[in-house]
Amino acid sequence: MSSKQTQLNEALPWWYVYGPFPPGEGNMPHTGRVIAAYRGLAGWDVARLAAELGISERRIYQIEGSPALPEPFSRRELLVHSLKIPPALLGMLVLNYTPARGLALTSLGETQVLPSSTVDAYEGVLSLAWEAYYTSSAQRSASTVALWQHHLHDSLGTVGGIAQDQIRALLCCFNQLSGVIARDRLDFDAALAYARESLLLADHLNNVELMASSLCRRGRTYTEMDRYDLAVADFERAMPYARRSRDSLRAYVFICLAEAYSMLNPLSLELQKKSMVLLDEVGRVVRAYRGRVLEGDGSYTHVDVPGLYMVRGDVLRRFGRLDDAQDALLIVRDNLPHNFTRWQGNLLVADAQLCHAEGDYSGTCELAQDALSLVDETHSSSTRAKIERLYRSLVQQAPCNAGVRTLGKRLGLLTPSGRG
């Protein structure tokens with residue numbers, strides 16, 4: 001676990017399940033920042049909110065600048081109904097709900113939340129499993145993740161109020177992780193099922209960052225399925241949430257959308273321009289951290305120089321800018337930690353794909369075989385599938401090449417007749 005992620009997991013405020021708001025008065029988030037955030041999410045300007053509340057625009061600015069709960073109570077009720085703010089963030093609890101009258105609200109009183117030790121335990125499992133995914137293989141922790149996930153499901157009906165929303169937020173994070181594990185072993189039905197549940201949970205919480213990360217990870221599944229239209233739709237839907245998220249998640253969504261544009265139609269000059277603008281924006285964010293990994297934000301997205309330039313190299317290759325792609329992969333090679341086995345394998349695959357684009361079929365085969373050695377360690381079916389796809393292209397283009405035949409044998413795809 002990185003030191004930044006460790007710091008993130010320490011002393012999490014109870015309201016983190018709804019969003020990354022700064023502290024306000026007492027044990028509450030900064031109410032003004034909460035109202036401003038949900039007003040922006042609803043697409044309302046200050047004038048519209050002022051008209052809805054029957055007060056002046058100047059008063060709205062005062063409310064959004066204050067950490068204190070706005071009074072009277074009826075004003076808070078109206079804010080909850082109008083902007084769909086989770087009542088707890090404005091110091092209220094839901095008594096009941098009827099279709100005719102909507103929510104019945106009362107004062108929050110003392111905040112009932114999960115014990116910090118319980119939250120820390122779940123966050124610790126998430127952090128360790130995600131670190132295993134980025135450095136080696138999350139498949140090894142799949143059974144542990146599933147066990148804790150089932151425990152969360154069982155616990156959901158045993159608590160209420162804010163504690164229940166805390167469990168929903170944790171479940172959303174576990175579903176995203178389980179979806180990535182399923183995607184990595186090419187079990188797309190399971191990955192999409194986890195994505196559906198995580199999106200429902202994120203929507204219930206109205207949590208901007210959980211919505212962005214849930215949409216982004218479903219989009220990544222569609223990318224692996226070669227459904228680039230659906231992937232682009234999810235990434236574009238995630239963009240408004242991403243722009244209200246912290247640096248790491250925002251940069252990750254931008255990277256994923258840029259990559260998906262290059263896959264959807266690499267010949268489109270419009271999409272090429274959009275893709276490069278997004279990558280340039282991520283570059284500015286990453287450079288602002290001067291080579292450090294962006295601070296953890298609870299989404300467990302990993303954005304750094306090697307990750308950015310790995311995608312940039314792939315995108316440039318698809319656009320036919322092979323020299324620029326080579327330069328990007330050189331930056332990856334100079335900055336990628338040796339203990340990141342999974343990403344060392346991804347780099348070898350990217351190098352092999354670039355060699356293939358340049359027509360160096362023997363070099364492609366050598367790099368692909370080196371990548372296979374790391375795939376054996378990481379158990380990544382998705383990485384193996386990329387190598388198999390590359391092999392099938394080589395069979396069509398250089399069937400008599402000795403390296404192609406050797407690669408086919410290594411993959412177990414060569415028939416007894418010697419044909420792939």
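The values are calculated or read from the model by the stated rules, or taken from the named source; none is laboratory data. All values derive from a computational prediction rather than experimental measurement. Please note: Cβ atoms are built from the backbone with ideal geometry, for glycine as well, and neighbour counts cover all protein chains shown.
Considering only the stretch 322-371, state which residues are of a type in the set (D, E, K, R) and either outside the structural domain of Met276 (by TED's automatic domain parsing) or within 29 Å of the chain's Cα centre (by Cα) (or both). Once the filter is applied, which keeps residues that are of a type in the set (D, E, K, R) and either outside the structural domain of Met276 (by TED's automatic domain parsing) or within 29 Å of the chain's Cα centre (by Cα) (or both), the stretch 322-371 yields Asp324, Asp327, Arg333, Asp334, Arg342, Asp351, Glu358, Asp360, Glu366, Asp370. Name the residue, out of Val34, Val46, that is within 22 Å of Asp203 (Cβ to Cβ) and at pLDDT 90 or above. None of the others qualify; the one that does is Val34.
Screening Gly124 against (1) surrounded by 19 or more Cβ atoms within 10 Å (Cβ to Cβ); (2) at pLDDT 90 or above leaves a single unmet condition, (1).
Checked against the criterion of being touching a helix residue (DSSP H, G or I) at 6+ places or on another chain (Cβ under 9 Å), at pLDDT 85 or above and either over 25 Å from Ser213 (Cα atoms) or surrounded by 15 or more Cβ atoms within 10 Å (Cβ to Cβ) (or both), the candidates Ser74, Ser56 yield just one match: Ser56. Residue count for the stretch 331-355 satisfying the condition of being assigned to a helix (DSSP H, G or I) and more than 18 Å from Ser382 (Cβ to Cβ): 7. Is it the case that the stretch 181-191 has a residue that's at pLDDT 95 or above, assigned to a helix (DSSP H, G or I) and under 22 Å from Pro240 (Cβ atoms)? No, there is no match, as no residue in the stretch 181-191 is at pLDDT 95 or above, assigned to a helix (DSSP H, G or I) and under 22 Å from Pro240 (Cβ atoms). Considering every residue within the stretch 294-309, establish whether at least one is over 24 Å from the mean Cα position of the chain (by Cα), surrounded by fewer than 22 Cβ atoms within 10 Å (Cβ to Cβ), charged (D, E, K, R) and not in a helix (DSSP H, G or I). Within the stretch 294-309, none of the residues are over 24 Å from the mean Cα position of the chain (by Cα), surrounded by fewer than 22 Cβ atoms within 10 Å (Cβ to Cβ), charged (D, E, K, R) and not in a helix (DSSP H, G or I). Quick check on Gly313: is it within 27 Å of Glu131 (Cα to Cα) and out of contact with any His (no Cβ under 8 Å at 6 or more places or on another chain)? In short, yes.
In the stretch 265-281, the residues that are without any contact (Cβ under 8 Å) to a residue 24 or more places away in the chain and assigned by TED's automatic domain parsing to the domain that holds Phe235 reach residues that are surrounded by fewer than 19 Cβ atoms within 10 Å (Cβ to Cβ) and not hydrophobic (A, V, I, L, M, F, W, C) with C-beta atoms within less than 7 angstrom, at least six apart or across chains, in these pairs: Leu271/Asn265. Residues in the stretch 342-366 that are without any contact (Cβ under 8 Å) to a residue 24 or more places away in the chain and buried (at least 22 other Cβ atoms within 10 Å of the Cβ): Asp351 alone.
When the stretch 193-220 is examined, which residues are found to be surrounded by 17 or more Cβ atoms within 10 Å (Cβ to Cβ) and without any contact (Cβ under 8 Å) to a residue 40 or more places away in the chain? Write out each step before concluding.
Filtering the stretch 193-220 for residues surrounded by 17 or more Cβ atoms within 10 Å (Cβ to Cβ) gives 194-195, 197-199, 201-202, 205-220.
Within the stretch 193-220, Tyr194, Ala195, Glu197, Ser198, Leu199, Leu201, Ala202, Met211, Leu215, Arg218 qualify.
Of all residues in the stretch 134-171, how many are at positive phi and without any contact (Cβ under 8 Å) to a residue 12 or more places away in the chain? Steps first, please.
Here is the first cut: in the stretch 134-171, the ones at positive phi are 161.
With without any contact (Cβ under 8 Å) to a residue 12 or more places away in the chain added as a condition, the list becomes none.
Summing the residues that are at positive phi and without any contact (Cβ under 8 Å) to a residue 12 or more places away in the chain in the stretch 134-171 gives 0.
Listed here are the residues, each with its yes/no results for (1) among the aromatic types (Phe, Trp, Tyr); (2) at pLDDT below 95; (3) part of a helix (DSSP H, G or I).
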| position | (1), (2), (3) |
| --- | --- |
| Thr223 | no, no, yes |
| Ala238 | no, no, yes |
| Ile255 | no, no, yes |
| Ser262 | no, no, yes |
| Pro266 | no, no, no |
| Ser275 | no, no, yes |
| Leu278 | no, no, yes |
| Val286 | no, yes, yes |
| Leu329 | no, no, yes |
